[in-house]
Amino acid sequence: MSKSAGRGKAATGLVVLGEARGRAPGRVRLVGAGPGDPELLTLKALKALQAAQVVVHDGLVPDEILALAPADARRISVAKRKSRHSYAQSEINRMLVAFALEGLEVVRLKGGDPFIFGRGGEELEACRAAGVECEAIPGVTAALAAGASAGAPLTHRGAAQAVTFVTGHAADGQVPDLDWPSLARANHTVAIYMGLTTAGLIAERLMAAGRDGATPSLIVVDASRPHERRVASTLAGLAAAAQGLEGPALLLVGEAMALAQVDAGAYGGYEGAAMEAKA
Ligand code: SAH
């Protein structure tokens with residue numbers, strides 16, 4: 001028995017190192033920062049930020065939220081950049097584990113929810129593999145903020161019995177291999193993340209699989225932020241509606257989007273419902 005205990009210690013050598021330095025083990029918290037509006041942070045996220053010694057954050061997290069961490073907390077941006085060095089996921093994983101093993105209280109701050117297209121699962125696995133405590137604090141994901149801003153419910157009696165969150169961008173930059181026939185079912189909202197540049201192709205696939213080209217669709221750019229923009233179209237017009245838009249954008253396709261209140265666009269066959277929503 002003592003033999004196996006000894007082996008256990010050797011196998012968790014990193015933990016022993018921490019003890020030798022007399023530091024309490026640190027931990028990593030994967031915190032959802034929400035879609036942008038600081039008021040959409042959870043109280044738990046706020047408390048985690050206030051207790052952080054290191055904040056490792058994405059580019060989507062606004063300065064007002066970063067400012068909620070203590071002034072002396074170290075802030076590290078791992079934003080994806082087109083020109084300068086951007087961190088590989090493996091580097092981020094290693095960084096989180098290393099800080100926690102130093103005994104630090106680490107917040108990994110992510111836009112929206114850490115487990116919705118946020119690669120939080122990979123960071124969680126890395127922490128588990130290293131024996132580092134890791135906890136997730138959920139956040140308001142972009143699709144929820146987009147629907148709320150536009151006044152368009154993602155599920156709605158008689159118009160949307162289900163909502164599916166999908167990515168519009170595969171790792172190779174192409175349209176992902178999704179289950180198009182199931183996404184094409186009527187009375188169903190499809191929330192597409194990272195789909196602005198592939199909007200036309202996504203619309204084509206959905207229509208080829210049988211979704212009505214007249215299905216109301218909505219693009220919300222910068223949901224819950226000061227420069228939020230909402231553009232309505234039909235599914236057939238989604239590519240045209242996406243033209244010229246930039247920034248983080250959520251595409252919502254489904255009958256319930258007829259309730260959306262928008263800045264621009266036309267609903268075609270659903271004008272009546274759109275007008276009703278605006279009134
Ligand atoms: N974890 C995040 C998603 C990260 S993937 C979440 O739960 O929201 C990044 C994509 O999220 C963007 O390309 C965009 O599609 C969407 N997104 C994030 N913030 C957004 C916002 N404020 N408005 C619209 N879309 C947003």
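Computed from the coordinates by the stated procedures, all read-outs in this text should not be read as laboratory data. Since we're looking at a predicted model, the values are computed, not measured. We place every Cβ from the backbone using ideal geometry, glycine too, and count neighbours over all the protein chains shown.
Per-structure values
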| quantity | calculated |
| --- | --- |
| Selected residue (criterion: farthest from the ligand (Cβ to nearest atom)) from residues of segment 121-147 that are of a type in the set (Gly, Ala, Ser), buried (at least 20 other Cβ atoms within 10 Å of the Cβ) and part of a helix (DSSP H, G or I) | ALA126 |
| Answer residue from segment 99-120, given it is part of a strand (DSSP E or B) and over 30 Å from GLN261 (Cα atoms) and is farthest from the chain's Cα centre (by Cα) among those | GLU105 |
| Residues that are part of a loop (DSSP other than H, G, I, E, B), within 16 Å of the ligand (Cβ to nearest atom) and in contact (Cβ under 8 Å) with a residue 40 or more places away in the chain, drawn from segment 168-196 | GLY168, MET194, GLY195, LEU196 |
| Residue in segment 222-235 that is within 19 Å of ILE116 (Cα to Cα), within 15 Å of the ligand (Cβ to nearest atom) and hydrophobic (A, V, I, L, M, F, W, C) present | yes |
| All positions within segment 175-199 that are of a type in the set (Gly, Ala, Ser), surrounded by fewer than 17 Cβ atoms within 10 Å (Cβ to Cβ) and within 26 Å of ARG119 (Cα to Cα) | SER182 |
| The one condition in (1) touching a helix residue (DSSP H, G or I) at 6+ places or on another chain (Cβ under 7 Å); (2) closer than 27 Å to GLY34 by Cβ that ALA209 fails to fulfil | (2) |
| Checklist (1) under 21 Å from VAL31 (Cβ atoms); (2) within 16 Å of the ligand (Cβ to nearest atom); (3) not in a strand (DSSP E or B) applied to ALA152, failing item | (1) |
| Boolean, ARG211 is over 30 Å from LEU40 (Cα atoms), surrounded by 19 or more Cβ atoms within 10 Å (Cβ to Cβ) and not aromatic (Phe, Trp, Tyr) | yes |
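Listed here are the residues, each with its yes/no results for (1) hydrophobic (A, V, I, L, M, F, W, C); (2) more than 20 Å from GLU133 (Cβ to Cβ); (3) within 16 Å of the ligand (Cβ to nearest atom).
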| position | (1), (2), (3) |
| --- | --- |
| PRO38 | no, yes, yes |
| GLN50 | no, no, no |
| ASP63 | no, yes, yes |
| VAL78 | yes, yes, yes |
| GLU102 | no, no, no |
| GLU105 | no, no, no |
| PRO114 | no, no, yes |
| GLY118 | no, no, yes |
